[in-house]
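Before any comments, here is the structure.
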Amino acid sequence: MQTTEQLKTVKFYSGEVTPLEMHKVRVVQKLTLLPIEERKQAIFGAGFNTFLLQNKDVYLDMLTDSGTNAMSDNQVAAMSVADDSYAGSASYYKLEKAIKEVFNQKYFLPVHQGRAAEHIISKVFVQPGKVIPMNYHFTTTKAHFEMAGGVVEEIYTDEALKIKSSFPFKGNMDIAKLNAVIAKWGAQNVAFIRFEAGTNLIGGQPFSMQNLREVSAIARTHGIKLLMDTSLINENLYFIKIREQGYQDKPLKEILHEMLSYTDFSYFSGRKVTCTRGGGICTNNHDIYMQMRDLVPLFEGFLTYGGMSVREIEAMAVGLYETLDFDVISHSPTFIKYLVDSLDRRGIPVITPAGGLGCHLDARAFVSHLPQTQYPAGALAAALYIAAGVRGMERGTISSVRDADGNDVLADVELLRLAFPRRVFTLSQIKYVEDRTQWLYDNRHLIGGLEWTEEPPVLRFFVGKLKPIGNWVDKLVAKFRLDLGDSL
Ligand code: F0G
């Protein structure tokens, strides 16, 4: 039987299987690919930190998919009919209606982005000494919960942190560990269980409906609330449809409603799920809604805009309906799979199976000669920028912290994340990433380590600066010239 996933790839007469864009590009943004010498200068200027590169110096910006997705023609059109008013904007009521129809959730609180929802949720539901079990944390989530005095317990399965795996639902929670955490802390000390869709930091990996159902049953037995982070729900929805038995023939809306039916409340970053900016908190529980309601005007803005512009609200409503379009939600995962499978076939170390957020290179294996204290993922991020003008995000020890003795807390995994903003890049651009990654892998022995020149005490990965240890950059540039001549 042909699966739904196969239906969206075209088998070429030549035998090649290729993902196909189910949209056409009618508004374009010019890109520049600087010559390698200028890329070298730019990365030195940025202190070998890709966050500090200027976007004008970047060819493909794969730092994140947050706020960088392509909007549809219908979303852009909707922005021009926005109803500007502080209170009671017609645009807001369209969004509320979309939340009801698409997520099947009655109550909605708008906020300016995902972490603002986390702020409000932690103010109300997290107190000192409370525990929050979750499949895996996200950086801002953990920071907010800990700032409110909570303790994060990660209860991922044994498969979750394996780089190479064929397990289809690496975002699942380990049920035995969940029961053990509840028994250890006592149900009354659990603030809520947080389930993150399309689990970001383990490689955009989904959970299964079966696992969600089991977690929800445990939560209900103990009277514990279940909170879902739906920022990456589009891709989780896609993977349930194509990978989980019994869901192939179910309409997306039905699957989505089933997912949300297991939650007590949920929140999302509109920068991801709806290809806009903004965010929101949803629930069917009036009490939960009332507990948070009055914090929205205090921290975000009045209840009918919550810090968002009305134009974004219009586009968000349309974006929510587009979540139910298989062509829309299949695009990113199909293109990601193309790159991941191709690199994997070539023996280049990547997280498998392909997830929904991007392609994650395993820096520890890629540059295995570098100790973690020389920041392999950061060095690989800088090297890929030099070799290709492609900007990825370090997710390794640079993104970690120091312990009380001043030593680096070594990260569980050293990853270079190449995010895929939705419907932004063409297949030839992805092939370019594939080609330059192969070149870099063949010359990986030339990549050296990094050391700090300016190290901020908190969230050092955002604005900290580093420099190369030795003169490996010149050697890498010279080899590029030798192999690729005058090519950019
Ligand atoms: N939850 C998840 C799963 C996220 O991936 C993000 C953001 C947030 C919450 C916070 O949302 O940025 O709107 O405040 N992820 C971005 C990223 C920043 O690059 O992965 P936000």
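The values are calculated or read from the model by the stated rules, or taken from the named source; none is laboratory data. Keep in mind that this is a model prediction, so the values were computed, not measured. Glycine gets a Cβ as well: all are built from the backbone with ideal geometry, and neighbour counts include every protein chain shown. What goes into the accessible areas is simple: the full protein's heavy atoms, side chains included, and nothing from ligands, DNA or RNA. Shrake-Rupley method; radii C 1.70, N 1.55, O 1.52, S 1.80 Å.
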The stretch 351-373 residues that are among the aromatic types (Phe, Trp, Tyr), paired with ones that are buried (at least 24 other Cβ atoms within 10 Å of the Cβ) (beta carbon under 6 Å, 6 or more apart): Phe366/Leu380
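Looking at Arg271, Arg243 in this structure, which one is within 20 Å of Asn69 (Cβ to Cβ) and basic (Lys, Arg)? Give the steps one after another, and end with the answer.
Numbers: Arg243 fails: within 20 Å of Asn69 (Cβ to Cβ).
Exactly one residue qualifies, and that residue is Arg271.
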Any residue that is surrounded by fewer than 20 Cβ atoms within 10 Å (Cβ to Cβ), in contact with a Lys or Arg (Cβ under 6 Å, 6 or more places away or on another chain), β-branched (Val, Ile, Thr) and at pLDDT 95 or above - is there at least one of those in the stretch 437-457? yes
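For (1) surrounded by fewer than 24 Cβ atoms within 10 Å (Cβ to Cβ); (2) in contact (Cβ under 8 Å) with a residue 12 or more places away in the chain; (3) outside the structural domain of Ala363 (by TED's automatic domain parsing); (4) not small (Gly, Ala, Ser), each residue gets a yes or a no:
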position: Gly198; (1), (2), (3), (4): no, yes, yes, no
position: Ile233; (1), (2), (3), (4): no, yes, yes, yes
position: Phe239; (1), (2), (3), (4): no, yes, yes, yes
position: Arg243; (1), (2), (3), (4): yes, yes, yes, yes
position: Ile255; (1), (2), (3), (4): yes, yes, yes, yes
position: Gly270; (1), (2), (3), (4): no, yes, yes, no
position: Val273; (1), (2), (3), (4): no, yes, yes, yes
position: Arg277; (1), (2), (3), (4): yes, yes, yes, yes
position: Asp287; (1), (2), (3), (4): yes, no, yes, yes
Within the bounds of the stretch 87-102, is there any residue that is touching a Lys or Arg at 6+ places or on another chain (Cβ under 8 Å), more than 16 Å from the ligand (Cβ to nearest atom) and outside any helix (DSSP H, G or I)? no
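To keep it simple, each residue is scored yes or no on (1) under 27 Å from Asp57 (Cβ atoms); (2) within 16 Å of the ligand (Cβ to nearest atom); (3) at pLDDT below 95; (4) not β-branched (Val, Ile, Thr).
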residue	(1), (2), (3), (4)
Lys337	no, no, no, yes
Gly358	yes, yes, no, yes
Ala363	yes, no, no, yes
Ala387	yes, no, no, yes
Could you list, in sequence order, the residues of the stretch 228-278 that are among the aromatic types (Phe, Trp, Tyr) and either more than 10 Å from the ligand (Cβ to nearest atom) or assigned to a loop (DSSP other than H, G, I, E, B) (or both)? Tyr238, Phe239, Tyr247, Tyr262, Phe265
Qualifying position, being basic (Lys, Arg), assigned by TED's automatic domain parsing to the domain that holds Gly378, over 20 Å from the mean Cα position of the chain (by Cα) and more than 16 Å from the ligand (Cβ to nearest atom), among Arg311, Arg345: Arg345
Scan the stretch 203-231 residue by residue and report those that are under 11 Å from the mean Cα position of the chain (by Cα) and open to solvent by 10 Å² or more (accessible area, probe 1.4 Å). Ser231
Which of the residues belonging to the stretch 87-130 are buried (at least 22 other Cβ atoms within 10 Å of the Cβ) and aromatic (Phe, Trp, Tyr)? Tyr92, Phe103
Of all the helices (runs of 4 or more DSSP H) wholly in the stretch 134-227, which have at least 1 residues that are aliphatic (A, V, I, L, M) and in contact with a Phe, Trp or Tyr (Cβ under 8 Å, 6 or more places away or on another chain)? 209-222
